[in-house]
1. Note down the nm distance, to one decimal, between modelled labels 7 Å out along Cα→Cβ at Arg108 and at Gln85.
2. Starting from the Kirkwood Rh over alpha-carbon pairs, what translational D in µm² s⁻¹ does the chain have by Stokes-Einstein at 25 °C and 0.890 mPa s?
3. Excluding Gln46 itself, what net charge comes from residues whose Cβ is under 12 Å from its Cβ, given Lys and Arg +1 and Asp and Glu -1?
4. Keeping every protein chain present and rolling a 1.4 Å probe, give me the accessible area per residue for the chain in Å².
5. In Å and from the alpha-carbon atoms only, list the Rg and Dmax of the stretch 14-62.
6. Considering the dipole of the stretch 47-95 built from charges on the beta carbon (Lys and Arg +1, Asp and Glu -1) around the Cα centre, which of Gln94, Tyr62, His49 is farthest to its positive end?
7. With a 10 Å radius around each residue's Cβ, average the other Cβ atoms per peptide and rank 14-21, 71-78, highest first.
8. Give me the net charge of His60's neighbourhood, meaning all other residues with Cβ under 9 Å from the Cβ of His60; Lys, Arg count +1, Asp, Glu -1.
Amino acid sequence: MQRSILLCHLHDIPDGSARGFDPGGVGRDTVFVVRRGDCVHGWYDQCPHEGLTPLPYRRHHYLNKAGNRIVCFAHGALFEIDSGQCVRGPCLGQALRSLPLTLLKDGRIMAVEEISIAQLS
């Protein structure tokens, strides 16, 4: 079973940038979205090198200076925006954990979450 959670609208994320979100209300961003035109990529905010390490040094700063890679500022790892694959750093060959997204016609960006039967009881 799936449920969708509204993260934001496409116009809330400037083209070529990223933004973090706290959909679970834990007090810090746990997921982030990178926008490239009308295409969005969602990722969990966890470096695969050290599972619980958040990627940015400052809120919403998920991209390198050139804006063409996701960066883990703690470890210096660089990741492809579209695949999440690590292309440089201590986690080479690993990838970020993908957050499935749906971009609706009205511009709403929805995170798609799998819900197990156990969670419903």
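1. Using points 7 Å along Cα→Cβ, the separation is 3.5 nm.
2. Details: Rh = 14.7 Å.
Rounded, D is 167 µm²/s.
3. On the way: positive: Arg28, Arg97; negative: Asp29, Asp45, Glu50.
Surrounding charge for Gln46 is -1.
4. Values: 6850 Å² over 121 residues.
The answer is 57 Å² per residue.
5. Spelled out, the Cα radius of gyration and Dmax of the stretch 14-62 are 10.9, 31 Å.
6. So the residue we want is Tyr62.
7. Details: 14-21: 16.0, 71-78: 18.9.
Final packing ranking: 71-78, 14-21.
8. On the way: positive: Arg19, Arg58, Arg59; negative: Asp29.
Within the 9 Å Cβ shell, the charges total +2.
The values are calculated or read from the model by the stated rules, or taken from the named source; none is laboratory data. Please read these numbers as outputs of a predicted model, since none were measured by experiment. Cβ atoms come from the backbone with ideal geometry, glycine included; neighbour counts cover every protein chain shown. We work out accessible area using only protein heavy atoms, side chains counted, and drop any ligands, DNA or RNA first. Shrake-Rupley method; radii C 1.70, N 1.55, O 1.52, S 1.80 Å.
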